[in-house]
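The values are calculated or read from the model by the stated rules, or taken from the named source; none is laboratory data. On a predicted model such as this, the values are computed, not experimentally measured, just so you know. So basically every Cβ, Gly included, is an ideal-geometry build from the backbone, and we count neighbours across all protein chains shown. The accessibility values were calculated without ligands, DNA or RNA, using every heavy atom of the protein model including side chains. Shrake-Rupley method; radii C 1.70, N 1.55, O 1.52, S 1.80 Å.
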Amino acid sequence: MKNRTLLLLILFTGSVNAQLDKLREAYLYTQSDKLNLDSARILIDAACKYPETKDDPQAWYMRGFIYKELFKKPLPANREISLGEEAFNSCKKAMEIDSSVEVKNNNLLILKNLSAITNNTFGGALDTVNYSKSMECLELQKKLIRYIHPKASIDSVEVYYNGIMGSYFQSVYEKSPGKNMNYLKIAEDSYNKVLIRDPSNISANYNMGIIYYNQAVSLIMNKLDYDFDLASLNNIQEEALSWFKKSLPYMEKAYQLNPHRKETLIGLSGIYYSLHDNEKSEQFHKLSQDMDADQK
Amino acid sequence: MKHLIILVLAFACLSASRTDPKEDTNAKIKAVYLYNFSKNVEWPEEYKNGSFVITFVGNNSSLLSELDKMAAQKTLGNQQISVKSVSSISGIEKSHIIFVPFESSALLGEIITKIKGNSILIVTEKPGLAKQGSAINFISKDNKQAFEINKANAEHYKLKINSNLMKLATLIE
């Protein structure tokens, strides 16, 4: 609302000329009584090319606003990231032309709003069909955060969004293990991105451990048939063993980071059991049971 | 935004969905081994009719439930597989295989006495038992399920073990 009041002030106090009329017209097309974002887009794109207004921060600010609205208009899964990019670039341009505090604050308001929409789009597009849009959102969000909060760590943005991406695809994969390995790969890649930036992330370590552990279990429980001969049985065991071994360091790291998390204790007990280390399996099983007893 | 919040929670809480005891991988592997043992050991002619009986000494085991699944799906030639669990050793001589789980290992001596004169494959899972009367003993080797064979213990019960099985086993004398 504040944005719109400022827009009105900017647009209706300027000197009157043909190009400013275009800006006003474009603005009016963003209002609910005359809402027509496509017409506003045509007018503002033209205004940002006219010699009289192409270096006018008001025109670029207006363009940022209109493109932000265009980006927001459809449901999250149908949004075009390129519109968000245009909004971002337009506001940046406005601030480059005029470095005054007023212009900066006005444009930052749009960018903050754009960041919230991008965040919403990331979640709304996160499904097995539109997930590449979520990945594009992450890239846009990183640019926005860098610009809005220059001192903020981009690592935390990567950790946050890749963690969500990883757990979403892990849960989709787990519904039909072994069916779509691409989902598993996305989950694995996402957690790896988290762990590169935050090696002490408990959830990512634990979930990586679970991904590999479940791979091994799925192999034995679903692929191993009673009819398998001894050589095939041995091959399955070898393959499962490599997954169990891959799982162990992640689960141990999760345990090291929080020795009192029951899920991790159960996970370690399961991995050691599958590795035929019954002593260690029992040790972690007992710890998890002690935890149950403590909670009673 | 609501959707995103749900996803954040999911990131923190994904659980070890398969650390469920109902999905015991070691039990499944042992069940597949036992089926292979059944196919790679030859019993005397009089044992080739009727049901093929696997006796499990004890109960409450995930291996027992795997064996039940296997029996429901598979046969051995024209023999149906029948799995029974016993808490005492009476009547166990009517078996083709007797599986003695780790916790019932102390009963091995009594079992051997009880089945004298029958052709029964005794399978155990405690280190050292292949030297104490079992023909096949499950062991773990390099983090994998493996097995030992004591050929003399098999022959004592008039059982012939296929060379394929022998090749993959650790042989005990």
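First compute the accessible area of the range A:202-296 with a 1.4 Å probe, then give the percent of it belonging to carbon and sulfur atoms. Intermediate values should be presented prior to the final figure.
On the way: 2040 of 4330 Å².
The value for the range A:202-296 is 47 percent carbon and sulfur by accessible area.
Charges at C-beta only: +1 for Lys and Arg, -1 for Asp and Glu. How large is the resulting dipole of the protein assembly as shown about its Cα centre, in Debye rounded to 20?
On the way: 57 positive and 53 negative charges, 92 e Å.
Roughly 440 debye, rounded to the nearest 20.
How much of the DSSP beta bridge set in the protein assembly as shown is antiparallel, as a percent to the nearest 5?
Values: 10 of 27 bridges.
Of the beta bridges lying entirely in the protein assembly as shown, close to 35 percent run antiparallel.
Sum up the charges of everything whose Cβ sits under 12 Å from the Cβ of B:T55, counting Lys and Arg as +1 and Asp and Glu as -1, but leave B:T55 out. Intermediate values should be presented prior to the final figure.
Numbers: positive: B:K84, B:K94, B:K114; negative: B:E93.
Net of charged neighbours comes to +2.
Just the Cα atoms of the range A:92-156: what Rg and Dmax do they give in Å?
Taking only Cα atoms of the range A:92-156, I get Rg and Dmax of 13.6, 44 Å.
What number in nm² do you get for the protein assembly as shown if you take the convex hull of its Cα atoms and divide its surface by four?
About 30.0 nm², averaged over all directions.
Let's test this: bin the Cα-Cα distances of the range B:21-171 at 10 Å from zero up to the farthest pair and state each bin's percent.
11, 46, 38, 5
Return the loop-located trypsin sites (Lys or Arg not before Pro) in the range A:178-237 (DSSP other than H, G, I, E, B) with at most 16 other Cβ atoms within 10 Å of their own Cβ; answer none if there are none.
Values: sites: A:K179, A:K185, A:K193, A:R197, A:K223; in loops: A:K179.
Sites meeting the loop and neighbour criteria: A:K179.
Return, ordered by residue number, the residues of the range B:119-160 whose backbone nitrogen is under 17 Å from a label point located 7 Å along Cα→Cβ of B:E45.
Output list for this probe position: B:119, B:158-160.
Give the A-B buried accessible area in Å², both sides summed, 1.4 Å probe, nearest 100. Show your work: numbers first, answer last.
Working: alone 15840 and 10390 Å², together 22150 Å².
The A and B chains share an interface burying roughly 4100 Å².
Taking N as the number of residues in the range A:1-150, what value does Rg over Cα atoms divided by 2.2 N^0.38 Å take? The partial results should precede the final answer.
Working: Rg = 15.3 Å, N = 150, 2.2 N^0.38 = 14.8 Å.
With N residues counted in the range A:1-150, Rg over 2.2 N^0.38 Å equals 1.03.
For the range B:66-155, which whole-number percentage of the solvent-accessible area (1.4 Å probe, protein heavy atoms only) is attributable to carbon and sulfur atoms?
Values: 1870 of 4020 Å².
C and S atoms contribute 47 percent here.
Cross-link list A:K72/A:K246; A:K142/A:K280; A:K175/B:K28; A:K280/B:K131; A:K223/B:K160; A:K142/A:K253: which exceed 32 angstrom alpha carbon to alpha carbon?
Values: A:K72/A:K246 43 Å; A:K142/A:K280 43 Å; A:K175/B:K28 21 Å; A:K280/B:K131 27 Å; A:K223/B:K160 30 Å; A:K142/A:K253 28 Å.
Those over the limit are A:K72/A:K246; A:K142/A:K280.
With every protein chain kept in the model, how would you rank B:H96, B:H156, A:H149 by accessible area, 1.4 Å probe, largest at the top?
Working: B:H96 10, B:H156 135, A:H149 90 Å².
Greatest to least solvent exposure: B:H156, A:H149, B:H96.
For the range A:1-150, what relative contact order do you get, as a whole percent, if you take Cα pairs closer than 8 Å and at least 6 residues apart?
Details: 182 pairs, mean separation 27.0, N = 150.
Relative contact order, the range A:1-150: 18 percent.
Run the helix sum for chain B: -39,500 (n - 2.57) per DSSP H stretch of 4+ residues, divided by residue count, reported at 222 nm to the nearest 500 deg cm²/dmol.
Working: 6 runs with 59 residues, N = 173.
Taken over chain B, the calculation gives -10000 deg cm²/dmol.
Which whole-number percent gives the relative contact order of chain A, counting Cα pairs below 8 Å spaced six or more residues apart? Each step should come with its number before you reach the end.
On the way: 351 pairs, mean separation 26.7, N = 296.
About 9 percent, as a whole number.
Other chains' Cβ within 10 Å of A:226-238 residues: what's the mean? Please list the in-between numbers first.
Working: counts 14, 7, 5, 5, 13, 3, 2, 7, 4, 0, 3, 8, 2.
Going residue by residue through A:226-238 and averaging, the value is 6.
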